[in-house]
Amino acid sequence: MSPQDQLHTRGRGHSSPAARYFLPLVCAVLVIGCARETQDAPPNDRRTIVAEAGAGADPTLCAMLPDTAVELLSARPDENDLPLTRIELDPACPRATVLFTAGAHIQRTYRVPMKAGQLLVARVRGESGPVALNFDFPAAIKPDSSNFGYSVVDSIRVTEDRDVSIRVALIPRAKEAARASRVLLTVLARP
């Protein structure tokens, strides 16, 4: 055996014909598996948060805002890269809680499909900073500051079947205030 052949068989190449075929096969399987996972993921421009099924849920509890001490436990994280997310409520228990990270003065919009005559109630709570909440209009602070604070509750009665836009923004009032904060948004629909 020549010195060149000895170098080739001592870890500088594949001496077995099976190794030449096995490694490309494993790589191909991994590439196909990763591609299939990305196809199943919803695209960011149509991100939807579906409320957990209310099977066995107490109807009286579903019509009330959850206790703030346990609200975080039922929150669904919103990891959407875009500032627009759709929330679909379960008719059996039309209530959902969403957790997201808000940046200062960056408005996030949540669209909730509603039926005519329903009342949409929303509560938003900023963990490290005050937030503003508005329906269908930009999340700006009203002159009476009724839609601004660390915890804000508001509601709107829907007169026709439509998507209601809930707009939330973290609005720090002082220079030393937090520039980012976790925010909890809970929505529920009442007849």
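The values are calculated or read from the model by the stated rules, or taken from the named source; none is laboratory data. Small disclaimer: the values here were computed from a predicted structure and weren't measured. Ideal geometry is used to build each Cβ from the backbone, glycine not excepted, and the neighbour counts take in all protein chains shown. Heavy atoms of the whole protein, side chains included, go into the accessibility calculation; ligands, DNA and RNA do not. Shrake-Rupley method; radii C 1.70, N 1.55, O 1.52, S 1.80 Å.
When you look at residue 69, is it surrounded by 14 or more Cβ atoms within 10 Å (Cβ to Cβ) and out of contact with any Cys (no Cβ under 7 Å at 6 or more places or on another chain), yes or no? No. Looking only at residues of the stretch 97-135 that are under 19 Å from the mean Cα position of the chain (by Cα) and charged (D, E, K, R), we find that the one that is nearest to residue 63 (Cα to Cα) is 123. When you scan the stretch 107-129, how many residues do you find that are among the hydroxyl-bearing types (Ser, Thr, Tyr) and open to solvent by less than 20 Å² (accessible area, probe 1.4 Å)? Within the stretch 107-129, residues that are among the hydroxyl-bearing types (Ser, Thr, Tyr) and open to solvent by less than 20 Å² (accessible area, probe 1.4 Å) number 2.
Say we look at the stretch 75-96 and pick out the residues that are of a type in the set (D, E, K, R) and within 10 Å of the chain's Cα centre (by Cα); which of these is least open to solvent (accessible area, probe 1.4 Å)? Lay out the reasoning, then the answer.
Residues of the stretch 75-96 that are of a type in the set (D, E, K, R), as a first pass: 76, 78-79, 81, 86, 88, 90, 95.
From what's left, within 10 Å of the chain's Cα centre (by Cα): 76, 78-79, 81, 86.
Values: 76: 83, 78: 16, 79: 134, 81: 121, 86: 75 Å².
The selected residue is 78.
Residues that are buried (at least 19 other Cβ atoms within 10 Å of the Cβ) and touching a Phe, Trp or Tyr at 6+ places or on another chain (Cβ under 9 Å): does the stretch 151-162 have at least one? Looking for residues that are buried (at least 19 other Cβ atoms within 10 Å of the Cβ) and touching a Phe, Trp or Tyr at 6+ places or on another chain (Cβ under 9 Å), one finds none in the stretch 151-162, hence no.
Would you pick out the residues in the stretch 62-79 that are assigned to a helix (DSSP H, G or I) and in contact (Cβ under 8 Å) with a residue 24 or more places away in the chain? Scanning the stretch 62-79 gives 62, 71, 72.
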